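Here's the structure we're looking at; comments come further down.
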Amino acid sequence: MADINVTSTSDEGFATTSQLGDFELTIDATGEEGPDPNETLVADYASCYIPAFRVGAQQRDHDDLGKVEIDAAADLDDDDDLESISFDISVEADLDGEEDEIAERGEEICHVHSALREELHADISVESDAF
C-alpha cells in the first residue's frame with residue numbers, strides 16, 4: 001500500500017481538483033480557477049521548508065523563532081518551466097549569526113528540496129531579528 005494517495009480529476013478544461021485525504025486542492029494550468037502548477041510547487045516548497053527551518057533552528061538551541069515568513073520568487077524559461085527559485089526568509093528571533101547553518105540544515109530536512117532537481121533548489125537568504 002502506498003504512503004500517499006491522491007485522486008486528481010479534471011472534468012473539462014485545464015483545472016484539476018485533487019483530493020488529498022480530507023483536503024481538496026484545485027490547480028489550474030491557466031490560473032483562472034486556482035493557482036497554476038508552478039505557483040503551487042513554489043508554495044509547496046516554501047510550506048515544506050518553513051517547518052524544516054524550524055527543526056534546524058531547534059537543533060541549534062533556537063526553540064522559539066516566533067514568526068517565520070518566506071518571500072519566494074521563481075523564474076520561468078521560455079517554455080514556462082521553472083528555471084530558478086529563491087527564498088528570502090524573515091525570522092522574528094535573533095539567530096546569533098547562525099542563519100546559514102540553520103538554512104543548510106533546513107535544506108537537508110525539507111522533503112520537497114530533496115525531491116527537486118538540484119538546479120531548482122532555492123537560493124536562500126535569511127534575515128533574523130526581522131519583526
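Annotations
- Among residues of the stretch 62-75 that are at positive phi, those with a Cβ under 7 angstrom from a residue that is exposed (fewer than 14 other Cβ atoms within 10 Å of the Cβ), sequence gap 6+ or separate chain, pair up as Gly66/Phe131.
Residue-by-condition table, conditions (1) assigned by TED's automatic domain parsing to the domain that holds Phe87; (2) among the polar types (S, T, N, Q); (3) buried (at least 16 other Cβ atoms within 10 Å of the Cβ); (4) under 26 Å from Ala15 (Cβ atoms):
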site: Asp44; (1), (2), (3), (4): yes, no, no, yes
site: Cys48; (1), (2), (3), (4): yes, no, yes, yes
site: Gly56; (1), (2), (3), (4): yes, no, yes, no
site: Asp61; (1), (2), (3), (4): yes, no, no, no
site: Asp64; (1), (2), (3), (4): yes, no, no, no
site: Ala73; (1), (2), (3), (4): yes, no, no, yes
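- One residue from Asp123, Asp28, Asp61 being modelled with pLDDT of 95 or more and more than 27 Å from Ile4 (Cβ to Cβ): Asp61
- In the stretch 89-131, of all residues being assigned to a strand (DSSP E or B) and over 18 Å from Pro51 (Cβ atoms), the one that is farthest from the chain's Cα centre (by Cα) corresponds to Glu127.
The values are calculated or read from the model by the stated rules, or taken from the named source; none is laboratory data. Being a predicted model, the structure only gives us computed values, none of them experimental. No Cβ is skipped: glycine too gets one built from the backbone with ideal geometry, and neighbour counts run over all protein chains shown.
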